[in-house]
1. Between the range 169-204 and the range 83-99, what is the separation of their alpha carbon centroids in Å?
2. Within the range 190-259, which trypsin sites (Lys or Arg not before Pro) sit in a loop by DSSP and count at most 12 neighbouring Cβ atoms inside 10 Å?
3. Using r as the Cβ-Cβ distance of L8 and L204, and R0 as 30 Å, what FRET efficiency do you calculate, to the nearest 0.05?
4. For the pair L127 and L85, what calculated FRET efficiency results from E = 1/(1 + (r/R0)^6), where r is the Cβ-Cβ distance and R0 = 51 Å, to the nearest 0.05?
5. Specify whether the C-alpha gyration tensor of the range 4-269 places it in the rounded, prolate or oblate class, a ≥ b ≥ c being the square roots of the eigenvalues: rounded for a/c under 1.5, otherwise prolate if a/b is larger than b/c and oblate if not.
6. Please get the size of the charge dipole for the chain, origin at its Cα centre, with Cβ charges of +1 on Lys and Arg and -1 on Asp and Glu, quoted in debye to the nearest 20.
7. Can you classify the range 185-272 as rounded, prolate or oblate using the Cα gyration tensor, where a ≥ b ≥ c are the square roots of its eigenvalues, rounded means a/c under 1.5, and otherwise it's prolate if a/b beats b/c and oblate if not?
8. If you take the beta carbon distance between A140 and M245 as r and set R0 to 22 Å, what does 1/(1 + (r/R0)^6) give as a FRET efficiency, to the nearest 0.05?
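Each reported figure results from applying straightforward, stated rules to the coordinates on display, with no laboratory input. What you see is a predicted model, and the numbers here were worked out from it, not measured in a lab. No Cβ is skipped: glycine too gets one built from the backbone with ideal geometry, and neighbour counts run over all protein chains shown.
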Amino acid sequence: MTDLSLLLPMLALLLAIGAFAGIIAGLLGVGGGLVLVPAYLYAFETLGYGGPSLMRVCLATSLATIIVTSLRSVHAHHGRGAVDLAILRLWGPWIAIGAVAGTLTASSLRSAVLQGIFGIVGMAVGLYMALGKASWRLGAHMPGGGARAATGTGVGFLSVLMGIGGGTFGVPLMSLFSMPIHRAVATAAGFGVIIALPSAVLFLLTPTDAAPPWTAGAVNLPAFGITIAMTLLTTPLGVRLAHAMDPKPLKRVFAVFITIVALNMLRKATGF
């Protein structure tokens, strides 16, 4: 049985993690995954759990919470008329296909590999957001046909391998195709729902060895419950902050946050 003197500090940590993740979900449209995956990894390792499947538990638990946080974020943004429902209808099926493929892939990869993927891809996105120019454009409208199928599938696939919602890839993608940043953030929250729902269901059916206590499949239920309780309270605050900020500072917040988290994950993947 885990020592109560260790569980109580972890409970406090998870409460703080959940509160911050909710703000991030509303502010950046990322469903909090960029906070939750490394935070869960730290919490479980501190409790003494490890092994080749631990990162899978972190990804799965993060994605399960993203279902709720992204739904809350979409609802709040939609109330302000910021969500592009046409984009969600056209891109949703391809994103869902990619999410399923990503879940099947993640279920066969070791923690160190998943950490490396998280770090490398996160660094690339963070650098783009930090150094990319507002004038950069790939087109005036989101692509269709085969380009939509390939890009949407890729967004879903990589998002699951990182345990995140749709904001990390959706926001820069939509920005490159001329969508205003606030509308991109709001619509990317919808991507998060489409990614997280099928992947979390599949992870619940995935057997996981040496997982922390009270883990169903690969989803840790206590971490899920505590996180949801806090994010339901704090996500609307993040939405209000997003609509109060200018686009340029919002983009910088997004870039700095991704870069810091990615660097730390790369450090873990390489054993430092």
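1. 8 Å
2. Loop-located and lightly packed - none at all.
3. Once rounded, the FRET efficiency stands at 0.60.
4. 0.95
5. Judged from the Cα gyration tensor, the range 4-269 comes out prolate (a/c at least 1.5, a/b above b/c).
6. The dipole magnitude comes to about 740 debye.
7. oblate
8. 0.30
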